[in-house]
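The values are calculated or read from the model by the stated rules, or taken from the named source; none is laboratory data. Everything numeric in this text was worked out from a predicted model, so none of it was measured. Cβ coordinates were reconstructed from backbone atoms using ideal geometry, including for glycine residues, and neighbour counts include every protein chain displayed. Accessible surface areas use protein heavy atoms only, side chains included; no ligands, DNA or RNA. Shrake-Rupley method; radii C 1.70, N 1.55, O 1.52, S 1.80 Å.
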Amino acid sequence: MREIPSESITKAVAELAVRANCVLPEDVRDGFKKALRIEPSPVGRDVLGQILQNADIARLESMPICQDTGLAVVFADIGQDVRIAGGDFEEAVHEGIRRGYTDGWLRKSVVAEPLFERKNTGDNTPAVIHARIVPGDRLRLRLAPKGAGSENKGLLRMLVPADGLEGVKKTVLDAVIAAGPNSCPPMIVGVGIGGNMEVACLCAKRACARDVLSKNPDPRYAALEEELLALVNKTGIGPAGLGGETTALKVNVEWRPTHIASLPVAVNINCHAARHAEAIL
Amino acid sequence: MSAQKHVTAPFDDATARSLRAGDSVLLSGTIIAARDAAHKELVETLRRGEKLPIDLRGAVVYYVGPAPAKPGQPIGSAGPTTSGRMDAYTPALIEQGIKGMIGKGYRKPEVVEAMKKHGVPYLAAVGGVGALIARSIKKYEVLAYEELGPEALAAMKVENFPAIVVIDADGNDYYEQGQTPYRKI
Ligand code: SF4
């Protein structure tokens, strides 16, 4: 058993909150630089230039890339040989979010209850935590803050097997077209295929938070990622929705086994402020 | 892209109508920051038949919920939020005399109808470049609903705030015009 003090988790999460929100990940940044070279639309190139310039200002001045610093989504892979000492794991994560968002001058965008009062919690808690137990004695924390402009355009369809590949393509295309300029393209599109209702959504979310340089390890799905990207980039939406060929930087697909009668497809859209940062304890 | 037009907010009728879909604009003057919760408050105040906390005639409304300002700075990152969420409230505010809106994303046909009727353009700022946009915001002053935090109603002094006219007062739509040449499906 390896012991990790809960205070170390809090500190790591607080640091991740500031880093994720203020520093555009290298993989995303490189993606925009490449897009700038190939985007044929002059307005589109201007937007890509603004995105890169914004990322520089944010990093140098430790300002958030986007004011919507989002719901804090935390993926935690907890090694089964880890013992968390000195406090509750989830509370340690929430406290890290509280500290990071307060001390880092990040916007507090969480309401305590969704329907009646919608009162801001004032410290961006609670975080959304997706934890799983994995082999080993490490704790991997990945924070992916997610704004509402893109999150609100997520889509789940419970397709049936006969809908097949065409059904999947149509679902992705419908989601991207409905998102359009609202989700601050160039987007990163996360697609979850299979599982059941909630597993498909979680797959889509994990796909969204993956690096843009990564590929699905299954070559059939890696090819599907390419095909979907080419399709999405034919919509004409372009950077900021003002027209062009860079509607998405990347489509990431994750899949899971499913029921003989099901083909769930979930699409989670991430905006160009595709924030993610990771720490391993 | 066409040459950048310099315009001053609040807008008079002539300025509002002079902005054409696709125009790239640098905006200076005073704009009004308001998003979901402030819109709801304003429209509920009208429904109760009460007086609004500010005069909206000529106002250019910016849909934004800024990040908090660090000490010594006027504002934190402050890019546009999705305009469509304001659509339910917008026609009522256009009736109250607003003359421009800045946000991002599509608008509903009823909003475009109200814009055409009252000569109001809709501009987009690039979403997600809040740190860059903050450089053009010189002052941020809460006018009402302070308890709403980032959703308070506020006045912003801006200099050369970059925006692009996406729907003009005649209903021409630059999202449509800009995307069509690149649409291959
Ligand atoms: S969609 Fe993303 S980039 Fe756009 S405003 Fe929301 S968080 Fe920011």
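A compact table of results
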item	result
With every protein chain in place, segment B:33-159: carbon and sulfur % of accessible area (1.4 Å)	50 percent
Most fluctuating residue given options A:GLY241, A:GLY31, A:GLY100, as computed from a GNM of chain A linking Cα atoms under 10 Å	A:GLY31
Where only alpha carbons of segment A:149-275 are counted, the Rg and the Dmax (Å)	13.2, 42
Derived scalar couplings ³J(HN,Hα) [segment A:177-189; Karplus, 6.51 cos²θ - 1.76 cosθ + 1.60; whole Hz; x for Gly, Pro]	5, 5, 6, x, x, 4, 9, 6, x, x, 8, 10, 9
Amide hydrogen neighbours beyond the local backbone of A:LYS250, cut-off 5 Å, H modeled	A:VAL189
Where B meets A: accessible area buried, both sides, 1.4 Å probe, Å²	3500 Å²
Electrostatic dipole magnitude of segment B:5-168 [Cβ: Lys, Arg +1; Asp, Glu -1; Cα centre; debye, to 20]	340 debye
Placed amide H near A:THR258: partners under 5 Å, 5+ positions off or other chain	A:GLY195
Cα convex hull volume per residue for segment A:205-281 (Å³)	120 Å³
Distance cut-off 17 Å, percentage of C-alpha pairs in segment A:80-168 lying past it	66 percent
Student exercise, the protein assembly as shown dipole from Lys, Arg, Asp, Glu Cβ charges, in Debye to nearest 20	620 debye
Percent of Cα pairs exceeding the 17 Å cut-off, where the set is segment B:67-129	46 percent
Ratio of Rg to Rh over segment B:9-78 (Cα coordinates, Kirkwood Rh, two decimals)	1.03
Residues of segment B:103-130 buried by at least 20 Å² on assembly (accessible area, 1.4 Å probe, chain alone as reference)	B:LYS104, B:GLY105, B:TYR106, B:VAL126, B:GLY127, B:GLY128, B:VAL129
Geometric extent, Cα atoms of segment B:5-168 - Rg, Dmax (angstrom)	14.4, 44
Chain B: most fluctuating residue of B:VAL111, B:VAL129, B:VAL43 per GNM, C-alpha cutoff 10 Å	B:VAL129
Calculated diffusion of chain A, Stokes-Einstein form, Kirkwood radius summed over Cα pairs, 4 °C and 1.567 mPa s, µm²/s	67 µm²/s
Solvent-accessible area per residue for segment A:149-275 (1.4 angstrom probe, square angstrom)	36 Å²
Integer Hz, Karplus 6.51/-1.76/1.60 couplings in order for segment A:243-249, x for Gly and Pro	x, x, 9, 9, 7, 10, 7
